[in-house]
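Just so you know, all these numbers are worked out from the coordinates, no wet-lab data involved. Note that the structure is a prediction, hence the values are computed from the model and not measured. Here the Cβ positions follow ideal geometry from the backbone for every residue, glycine too, while neighbour counts run over all protein chains shown.
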Amino acid sequence: MTLLTVENFIDGASCPAQSGAWLECDNPYEAAPWGRIPRSDAADVELAVAAAHRAFKDPAWGGLTATKRAALMNRMADVITAHAEELARIETRDNGKTYKEMLAQLRRIPEWYRFYAGLCDKINGAVLPTENPDMMNYTRHEPLGVIAMITPWNSPLMLLSWKLAPALAAGNVAVVKPSEYTSASAVRFAQIVTEEAGLPAGVLNIVTGLGAEAGAALTRHPGIAKVAFTGGIGGGRQAYMAAAHNLRPATLELGGKSPNIVFADADLEQAARGVVQGIFGSGGQSCVAGSRALVHVSVYDRVLTRITELADKIRLGDPMSPDTDIGPVANRAQFDRIMTCISWAKEDGARLLCGGGAVADPKGGAALFVAPTIFADVDPASRIAQEEVFGPVLSVIPFETEAQAVEIANGTAFGLGAGLWTRDIARVHKIAARIEAGTIWVNSYKGGSHISPFGGFKASGIGREGGVEMIHDYLQTKSVWINL
Ligand code: NAD
């Protein structure tokens, strides 16, 4: 089979890697390579950052009025809508997640560009009172410059757009280092918004490659004004240190160990479905996967029975099929990580209710599938209850009192999301205030929108994405004093 070649996208055009080195791209469902991407290094990053700097100053971008920038972003939204199926197919080919999930994400991405397009002409400074009537003082909110964006493989274009839409609305330009597992959709995206929506050359540059090479070169580049990173805590820490070294701001969207807390008064059928969807939707490969279920002792056995029944019905298979709930694991490293986590749970004495290991590829191939796995009676301090698995593994932990539930929920390094399942509205407000997490869902799990801020407490991240205020994370304020 002929392998496809994807190149970097720099200064509005395809660009081969300076090193001439390549990384192979695999289709996890076919368990076979489909193409290759540049294994970029500091020389490619240099080209991209230089192109971005030129674009930042170029009147074609830097000279656009707010109204024209908004119109351009609305055209981007139209173009993304027109290419949603194509982009979703590319993402499924790379990460093995279901086409219906990737397409649903693609269908929502235009909302981000339209929402932030609406803010372009609302970036107002202010005239401020002064103590001296002969002095005038006003503020201007100006773009930062070249933003380094580092993105993961699980929701590639959605997580890129959470950064790119507000950054562009604020007048910035970007160099993106997508995940080495899923770079093709970012390159195609940059091509279509440049060629079909008219985004000027150099405003959006894509440099592919490894985190420790291209990613590290980008985050430590002195020409970068800000680092916006989504991924795991290891890479996040490195990116944060690189930004700190250059005294640049960084936003980090990192991992989680999010709890779903089921109280005795919950609608138990609704809660069981929410718990199962919260962890096994996306095959657990979601930052907000509800990977711990804290269940009140009085309903513990009933909930365990029902979630096991529901998990047994989950269909593994071809991610392009509308009947598939979970596709293959995205890559070998992730599969090995899930297997290690499952072995920890077994060693640490958790009770296995279902799954517990790999499943043969239903088409007889070499694709890596993991059975939806539930462990009960998990010790909240054990490794499986503390570490992010990023796979279809649920840890169930019993609790007796509200105080105990809150203590267990807060008892990890993370703080991304939490679900509360109860009919008691007073309890909802009380517990929502005490849980250390950036998002709380009540009798639902995983909803969100471009209008609402999303991000983590503690090791789950720094800063927020989404919402009106967040555009200020991509702006800097200047104070102008005039002697009248
Ligand atoms: P990862 O950290 O391995 O990779 C993410 C990105 O960082 C990739 O592009 C990678 O190449 C790059 N990278 C790695 N090391 C780097 C370094 N030293 N310098 C610069 N860049 C570097 O994460 P992943 O496996 O792609 O994604 C899964 C992780 O992402 C999970 O932990 C998940 O929870 C997290 N995530 C968080 C959110 C959120 O919004 N909070 C959303 C999705 C995923």
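Hey, if you put +1 on the Cβ of every Lys and Arg and -1 on every Asp and Glu Cβ in segment 342-423, which of Gln386, Phe399, Leu353 ends up farthest toward the positive end of that dipole?
Leu353
With contacts defined as alpha carbon pairs under 8 Å and 6 or more residues apart, what's the relative contact order of segment 325-442 in percent?
Dividing the mean separation by the residue count of segment 325-442 yields 20 percent.
Hey, what do the phi angles of segment 11-28 turn into as Karplus ³J(HN,Hα) couplings, whole Hz, using 6.51/-1.76/1.60 and θ = phi - 60°, x for Gly and Pro?
After applying 6.51 cos²θ - 1.76 cosθ + 1.60, I find 6, x, 8, 5, 8, x, 5, 4, 6, x, 8, 10, 10, 7, 10, 9, 9, x Hz.
At 0.36 nm per residue, minus the direct Cα-Cα distance, what do Lys122 and Thr67 gain on full extension? Give it in nm, one decimal, please.
On the way: separation 55, 0.36 × 55 = 19.80 nm, distance 0.99 nm.
Computed gain between Lys122 and Thr67 is 18.8 nm.
Report for the chain the percent antiparallel among DSSP-assigned beta bridges with both residues inside it, nearest 5. All intermediate terms of the calculation are to be shown ahead of the outcome.
Values: 29 of 67 bridges.
For the chain, the DSSP antiparallel bridge percentage is about 45.
Using modelled amide H (1.01 Å from N, peptide plane; none on Pro or chain starts), what sits under 5 Å from the amide H of Ser179, excluding residues fewer than 5 places away?
Residues meeting the amide H criterion: Thr151.
What is the set of long-range amide H partners of Val442 at a cut-off below 5 Å, with H atoms built 1.01 Å from backbone N?
Amide H neighbours of Val442: Leu420.
Starting at the first residue of segment 335-347, write each ³J(HN,Hα) from the Karplus equation 6.51 cos²θ - 1.76 cosθ + 1.60 with θ = phi - 60°, in whole Hz, x for Gly and Pro.
Rounded to whole hertz, the list is 4, 4, 4, 5, 4, 4, 5, 5, 5, 4, 4, 5, 4.
Could you tell me whether segment 192-261 comes out rounded, prolate or oblate from its Cα gyration tensor? Rule is a ≥ b ≥ c as square roots of the eigenvalues, rounded for a/c under 1.5, then prolate if a/b exceeds b/c, otherwise oblate.
The shape class here is oblate.
Enumerate lysine pairs in segment 13-167 that are 8 or more residues apart or on different chains, then count those whose Cα atoms are under 29 Å apart.
Numbers: Lys57/Lys68; Lys57/Lys122; Lys57/Lys163; Lys68/Lys122; Lys68/Lys163; Lys97/Lys163; Lys100/Lys163; Lys122/Lys163.
Taking the Cα cut-off of 29 Å, the pair count is 8.
Cβ neighbours within 10 Å, averaged per peptide: list 390-396, 371-377 in order, most packed at the top. Don't skip to the end; give the middle numbers.
Working: 390-396: 26.3, 371-377: 23.3.
For the peptides 390-396, 371-377, the packing ranking is 390-396, 371-377.
Please work out whether the chain counts as rounded, prolate or oblate from its C-alpha gyration tensor, where a ≥ b ≥ c are the square roots of the eigenvalues and a/c under 1.5 means rounded, while otherwise a/b larger than b/c means prolate and anything else oblate?
Working: a/c = 2.09, a/b = 1.36, b/c = 1.54.
Oblate, because a/c is 1.5 or more while a/b does not exceed b/c.
Could you work out how much longer the chain between Ser19 and Leu484 gets when fully extended? Use 0.36 nm per residue separation minus the Cα distance between them, nm to one decimal.
Working: separation 465, 0.36 × 465 = 167.40 nm, distance 5.70 nm.
So the extension gain works out to 161.7 nm.
Skipping prolines and chain starts, which residues have an amide H placed within reach, meaning under 5 Å, of the one on Gly290, given they are 5 or more residues away or on another chain?
Ile279
If packing is taken as the average number of other Cβ atoms within 10 Å across a peptide's residues, how do 50-56, 144-150, 295-301, 355-361 rank, most packed first?
Numbers: 50-56: 20.4, 144-150: 25.6, 295-301: 18.0, 355-361: 15.6.
Per-residue mean Cβ counts within 10 Å order the peptides as 144-150, 50-56, 295-301, 355-361.
Tabulate in residue order the Karplus-calculated ³J(HN,Hα) for segment 312-322, using 6.51 cos²θ - 1.76 cosθ + 1.60 with θ = phi - 60°, rounded to whole Hz; enter x for Gly and Pro.
Residue by residue, segment 312-322 yields 5, 8, 5, 9, 9, x, 5, x, 7, 7, x Hz.
Once you have a ≥ b ≥ c as the square roots of the Cα gyration tensor eigenvalues for segment 379-479, tell me rounded if a/c is under 1.5, and otherwise prolate or oblate according to whether a/b is larger than b/c.
Details: a/c = 2.23, a/b = 1.62, b/c = 1.37.
Prolate, since a/c reaches 1.5 and a/b exceeds b/c.
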